[in-house]
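Below: the structure, in structure tokens.
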Amino acid sequence: MKAFSFPISVDRILLSLSIVFLLSASLPASASCSTPSGGTVPLAQHVILVIEENTSFGNVFPSGMPWLVGEAETKGGYSGQGCYNTDASGSLLDYLMLSGGSLFNFSPYNCNGNDCAQPLPNPNIFQLADDQPLTWKVYAETYQNAGGYITAPDNSPQGVTHYYRRHNAVTWYAEALSNVLGAQGELVDFEQFYIDVANGTLPRYAIIAPDGLSDAHDGTVGAADNFLKFNLDATGIYTDLLTLSDFQPGGSGLLIVTFDNGNGDGAGNVFTAFIGPNVKQGYVSDFSYKHENTLRTMLDSLGITTYPGNSASAADMADFFPSSAGSVVINSPANNSVQGPAVLVNAAARELGSSIVRMEVWDNGTKLGNVFADNINQVFNVTGNGAHQMTIQDIGPGSGNPILHKLVTNYTVSASDGIFVTAPASNSNQAVLFPVEAYGVEATADIDHLEVWCDGKKVGDSPKGSTISQWYTNYSGSPFSMLTPGSHQLTVEDVSTSGVIHSTTIPITIVAQNNVYVNSPANNSTQGTNVLVNAYSYEQVNSTQQVDHMEVWDVFNGTSTKLGNSPEGYASSSAFINQTFTLQAGSHQLIVQDVGPAPNHSVIHKVPLNITVQ
């Protein structure tokens, strides 16, 4: 700062500082921020976007959110002060820019910070991912407690939760509202994130939408930082996302954390972090960026080359990545999936610092073939049923055929073709909001998608591929009007481009009753020593009762023991459980129950199950 040799009054100093503050607040970026020139970004096997709320740069950096800042400084990089600015005041508008490249604040959509006048058109990142096809999900905290349907309004039911539809962009697009390719099934409660991390089944693209208490909208920045730490940290309480191989050296995972707007939901400068092994460690970007630049970067990291709205002219945030970055990504076969002996391999490679001579496909140590390109989309025949490990690697130029990068996916080859339904259980009662989980296996690898039918009426499609995992409920204006209380025949079928291949029909009864619903194990069944418990709770029939978590207890030889529970406590509202427990041989009574919020954690409902373990 320049020193003055003449006297100056305190009032003049304060006035000058006020003018400087007002001018800096109105500028789109610091004078030290440069115009980006773009460039190429590496592919990422997992792109995860977390959007926080209403917090300006200075309230995050350097000490407002110490976990986030620390991760950005040591495991990635961030946009420097003044350099990353949001697009418009009003939350929803910025979420739409991050997904569709537009504010849609014009006729006939007339979106504002809270809602839109009518469903929004394609293209958007969700529809573009479906078209690739590649997997995606939105993990929305307290979504299940808010009703678990795509048009669930802010704070539903009846002002009880801190779920905000306006913080969930996918719920405003026509394709999702019409459930094209099962898009509504990709919007799930945040508790599914714990399961997907543990099972190695994270999608290629994911959005984490914390609720208002966890994103600084209704809670503090400290609470928002704790949500990230507890759910993403390598030493987190609930998941260990950042210890996954894709977020370790040699991996390609990309975690992006940004904010919709600054303090008071005003457009302005916000902290934006890129975290991952392909990001320059400790990097501070001095280029001017906005949400459309993040959208463009995510699209290119996923290998999508259609750019909606403003992302078409936005530069990639390529300065965050070193010139040596590269990766291999796999869309198919999905990790931990079930396949037939003919396996569709869909993969790609990108190297910023080298050319790619070819890609190689290996299975259980046997080379299946070379592909002289930077992408693969063909069927390979594999030998043997059971567990398989496929490795896909890209080869660079020069002697010795150097392997530049490789990625491994694990899958199981089934000896049986057909449709396999894991939920709902046959002849079971189901709530008015219930899950359908199924997969198809065909020796010819020609499954295009799965379809769900109820009493001869089509409920919907899965995304492209051989699996479906979707919750259904008949909400007002839904495409699921056939799902009324009563007895039904539910049919799941796999479909090729030529028509239906196999189908399976199971009888279920939908009941409008608050309770715990168990799909596995069946009552009075015989089980092996590893017992899968798949259950959920529903407490919203004329009720605003909230579920904190679920518990499984075992009564064996007169002793009651807690086997486990779904995530509980901070930033958790877990309404379903899918865990395997190891039990001794003999007769057991399992108790599956749902539990209300703290501080009492009172049991709401419980279901006893008698099983014999052999």
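Miscellaneous remarks
- Segment 131-145 residues that are under 14 Å from ALA176 (Cβ atoms), paired with ones that are in a loop (DSSP other than H, G, I, E, B) and among the small types (Gly, Ala, Ser) (beta carbon under 8 Å, 6 or more apart): TYR143/ALA152
- The number of residues in segment 429-447 being surrounded by fewer than 21 Cβ atoms within 10 Å (Cβ to Cβ) and assigned to a strand (DSSP E or B) comes to 2.
- Boolean, SER63 is free of Cβ contacts under 8 Å to residues at least 60 places away in the same chain, surrounded by fewer than 23 Cβ atoms within 10 Å (Cβ to Cβ) and not assigned by TED's automatic domain parsing to the domain that holds ASN335: yes
- The lone exception for ASN523 - which of (1) of a type outside the set (Val, Ile, Thr); (2) outside the structural domain of SER469 (by TED's automatic domain parsing); (3) out of contact with any Leu (no Cβ under 7 Å at 6 or more places or on another chain) it fails: (3)
- Restricting segment 546-562 to residues that are free of Cβ contacts under 8 Å to residues at least 40 places away in the same chain and assigned to a strand (DSSP E or B), the residue that is farthest from PHE581 (Cα to Cα) is THR559.
- Among (1) crowded, with 20+ Cβ neighbours inside 10 Å; (2) within 28 Å of VAL343 (Cα to Cα); (3) of a type in the set (A, V, I, L, M) - the single one ILE510 does not satisfy: (2)
- Being of a type in the set (S, T, N, Q) and over 20 Å from the mean Cα position of the chain (by Cα) is true of SER285.
- Considering residues of segment 70-97 that are out of contact with any helix residue (DSSP H, G or I) (no Cβ under 6 Å at 6 or more places or on another chain) and of a type in the set (A, V, I, L, M, F, W, C) only, the residue farthest from VAL270 (Cα to Cα): LEU93
- SER537 being under 24 Å from GLN192 (Cα atoms) and either among the small types (Gly, Ala, Ser) or assigned to a strand (DSSP E or B) (or both): yes
- When the residues of segment 392-423 are filtered to those that are of a type in the set (Gly, Ala, Ser) and touching a residue at least 24 places away in the same chain (Cβ under 8 Å), the one that is nearest to ASN336 (Cα to Cα) is SER414.
- Matching residues, segment 77-90, being out of contact with any strand residue (DSSP E or B) (no Cβ under 9 Å at 6 or more places or on another chain) and on the phi < 0 side of the Ramachandran plot: ASP87, ALA88, SER89
- Check on SER34, without any contact (Cβ under 8 Å) to a residue 60 or more places away in the chain, out of contact with any Pro (no Cβ under 7 Å at 6 or more places or on another chain) and surrounded by fewer than 20 Cβ atoms within 10 Å (Cβ to Cβ): no
- In segment 207-234, the residues that are touching a strand residue (DSSP E or B) at 6+ places or on another chain (Cβ under 6 Å) and either in a helix (DSSP H, G or I) or among the β-branched types (Val, Ile, Thr) (or both): ILE207, ILE208, ALA224
Table: residues versus (1) hydrophobic (A, V, I, L, M, F, W, C); (2) over 21 Å from the mean Cα position of the chain (by Cα).
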| site | (1), (2) |
| --- | --- |
| GLY309 | no, yes |
| MET317 | yes, yes |
| PHE320 | yes, yes |
| VAL343 | yes, yes |
| ASN346 | no, no |
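- Checked against the criterion of being assigned to a loop (DSSP other than H, G, I, E, B) and surrounded by 19 or more Cβ atoms within 10 Å (Cβ to Cβ), the candidates SER543, SER574 yield just one match: SER574.
- Pick from segment 137-161, criterion of a type in the set (Gly, Ala, Ser) and assigned to a loop (DSSP other than H, G, I, E, B), ranking: nearest to GLN546 (Cα to Cα): ALA146
- Qualifying strands (runs of 3 or more DSSP E) (wholly inside segment 476-521; at least 3 residues being closer than 26 Å to GLN546 by Cα and in contact (Cβ under 8 Å) with a residue 60 or more places away in the chain): 499-510, 515-520
- Residue satisfying all of: in segment 39-60; more than 18 Å from ASN85 (Cβ to Cβ) and small (Gly, Ala, Ser); modelled with the highest pLDDT among these: ALA44
- Test: residue in segment 260-274 that is surrounded by fewer than 23 Cβ atoms within 10 Å (Cβ to Cβ), under 24 Å from the mean Cα position of the chain (by Cα) and polar (S, T, N, Q): no
- Residues satisfying the criterion are present in segment 210-223 (criterion: of a type in the set (Asp, Glu), surrounded by fewer than 20 Cβ atoms within 10 Å (Cβ to Cβ), farther than 21 Å from GLY200 by Cα and modelled with pLDDT of 95 or more).
- Residue count for segment 406-428 under the criterion of being more than 25 Å from THR151 (Cα to Cα) and part of a strand (DSSP E or B): the result is 14.
- Candidate set: segment 340-359, residues that are outside any strand (DSSP E or B) and of a type outside the set (Ser, Thr, Tyr); chosen: the one surrounded by the most Cβ atoms within 10 Å (Cβ to Cβ): GLY340
- Scanning segment 73-87 for residues that are polar (S, T, N, Q) and assigned to a strand (DSSP E or B) yields a total of 2.
- Subset of segment 263-297 [among the aliphatic types (A, V, I, L, M) and either in a loop (DSSP other than H, G, I, E, B) or touching a helix residue (DSSP H, G or I) at 6+ places or on another chain (Cβ under 6 Å) (or both)]: ALA267, VAL270, ALA273, ILE275, VAL279, LEU295
- When each of ILE237, ILE304, ILE256 is tested for being closer than 26 Å to THR55 by Cβ, at pLDDT 95 or above and either out of contact with any Gly (no Cβ under 7 Å at 6 or more places or on another chain) or part of a loop (DSSP other than H, G, I, E, B) (or both), the lone residue that passes is ILE256.
- The residues listed here are THR544, THR561; of these, the one that is more than 23 Å from SER428 (Cβ to Cβ), hydroxyl-bearing (Ser, Thr, Tyr) and in contact with a Pro (Cβ under 6 Å, 6 or more places away or on another chain) is THR544.
The values are calculated or read from the model by the stated rules, or taken from the named source; none is laboratory data. Note that the coordinates shown come from a computational prediction; the quantities given were computed from them, not determined experimentally. FYI the Cβ positions are ideal-geometry reconstructions off the backbone, even for glycines, and counts take in every protein chain you see.
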